[in-house]
């Protein structure tokens, strides 16, 4: 081997050894291991699932679907030629559902050679204009087998193509010919609306039967629902991205028939007769919309949240929670649900901080053995690429938050926080502040209504596994609770030191 080749190989091996060492030392009880990339493939992952035998199936940005064998550390191509796949569900080792930009496709290996020989269109009855921002996400599979997909709205960063698919809405300041991208678009773009839905079902979540023969427009009001999933209770969850009508990135527990905040999609509401929804008063839209179940403070917690998946029971103290990906920051995020007055809201907590996880965490899947697989991407934005395996061990000794509940406490309220291990010290160091974000047409929002929250009392239970924080909660606000002073009996600090509780409703 030439000396010029030896040095890069040495550096690569040294990096892999360092990666394993850091993962073992800093991330305990989680071992984090980066898998090899498939040769000759752009290793940005848009869809991910785990087969019953532990093999991992991934859809890549440039259109390949490949199966990874963890034992052999090798990849095998299953299909190719897909258009920007951004979601995947394995029905069996020989049948995968993939969400392409233009359709939901079933890939089938009918002759048993490990390669797809049949590409079946399951569903494609939604509009397309050729706008670059018209991504399609999913599918997420419900308990009854129903499939849920999310459709991006288009962006005024460009117009449309002369050829479109689906129904066209005449609602808007620009007619069809003016919407076609070309000379002078920059002068017309402002009249298109920052995000628009001039073809059917853009900005909607659609519910589709497994055979694709029936479709129900399930919910509207989404901007860029890259994260779509189903929790352990069968609720459809969507993470959206900060932007217009998104002061910061939200998590929605999707309500059937609900409008979730971004008005562009309302032109496709049955019987819509209120004109251009982008021009409706904010106060009217505020009354119509389904509020957020949680919000990711921009820059503090997340910038681009992605796929939500429920933790399996094998993850001990995390069971009943939801894990959410994050593109821009080197972490994942947990959602701890809390049902208040018939509405599911809850707390968000960072996870895997200070580990070699890295950013670009786009798609998540748990194997039957409890291993967590993370598929990364950057899509010409912040992020990374490749496949990472996270293996838990010793979760029964981990000191972390198990649940957060907002309760009525006399004339005020209290947060009841439960832990996986007894709290030994630091209770007096707990701090709380609150803030919010504007709901408006502008892109993003600064924090609003920031205030320190006075704590009327903090009391630990006799066994140290519960902490009740009496405080004056404010409806609609994010309550940031700093638990970094806490430690358990062995002096170990809390995993996930700051939580953000969204008090959409008060008990």
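Values in this text are rule-based calculations from the coordinates and carry no lab data. Because the structure is predicted, anything quoted here is derived from the model rather than measured. All Cβ positions, even for glycine, are placed from backbone atoms using ideal geometry, and neighbour counts span all protein chains on display.
As an exercise, take the mean of 1/r over every pair of distinct alpha carbons in segment 37-122, invert it, and state the Kirkwood radius in angstroms. Intermediate values should be presented prior to the final figure.
On the way: mean 1/r = 0.0798 Å⁻¹.
Mean inverse Cα-Cα distance, inverted, gives 12.5 Å.
Using C-alpha pairs below 8 Å separated by at least 6 residues, the relative contact order for segment 152-232 is 35 percent.
What relative contact order, as a whole-number percentage, does the chain give when Cα pairs under 8 Å and 6 or more residues apart are counted? Mind showing how you got there, number by number?
Details: 1379 pairs, mean separation 60.0, N = 507.
In percent, rounded to a whole number, it is 12.
Max-minus-min Cα coordinates of segment 169-275 on each principal axis give 50, 33, 26 Å, with the largest extent listed first.
Can you give me the relative contact order of segment 401-502 as a percent, contacts being Cα pairs under 8 Å and 6 or more apart? Don't skip to the end; give the middle numbers.
Values: 222 pairs, mean separation 32.1, N = 102.
Contact order relative to length: 31 percent.
When ranked by the protection proxy of mean other Cβ atoms within 10 Å per residue, highest first, what sequence do the peptides 291-299, 464-472 form? Intermediate results must be reported in sequence, preceding the final value.
On the way: 291-299: 22.6, 464-472: 18.3.
For the peptides 291-299, 464-472, the packing ranking is 291-299, 464-472.
Binning the alpha carbon pair distances of the chain at 10 angstrom intervals from zero yields the distribution 4, 19, 28, 25, 16, 7, 1, 0, expressed in whole percent. Expressed to the nearest 5 percent, the antiparallel share of DSSP beta bridges inside the chain is 95 percent. From most to least packed by mean Cβ count within 10 Å, the peptides 263-274, 308-319 give 308-319, 263-274.
Which value in deg cm²/dmol, rounded to the nearest 500, describes the helix-derived mean residue ellipticity at 222 nm for the chain, given -39,500 (n - 2.57) per DSSP H run of n ≥ 4 and division by the residue count? Before the final figure, lay out each step's value.
Numbers: 4 runs with 43 residues, N = 507.
It lands at -2500 deg cm²/dmol.
Using Cβ counts within 10 Å as a stand-in for footprinting exposure, how do 209, 411 rank, fewest first? Walk me through the numbers before you get to the answer.
Numbers: 209 15, 411 6.
Fewest to most other Cβ atoms nearby, the residues stand as 411, 209.
When you count the other C-beta atoms within 10 angstrom of each residue and take the mean per peptide, 197-207, 249-259, 276-286 line up highest first as 197-207, 249-259, 276-286.
Beyond 20 Å, what share of the Cα-Cα pairs of segment 401-502 remains, rounded to the nearest whole percent?
Numbers: 2030 of 5151 pairs.
Percentage above 20 Å: 39.
When both segment 255-326 and segment 58-92 are represented by their alpha-carbon centers, they are found 29 Å apart.
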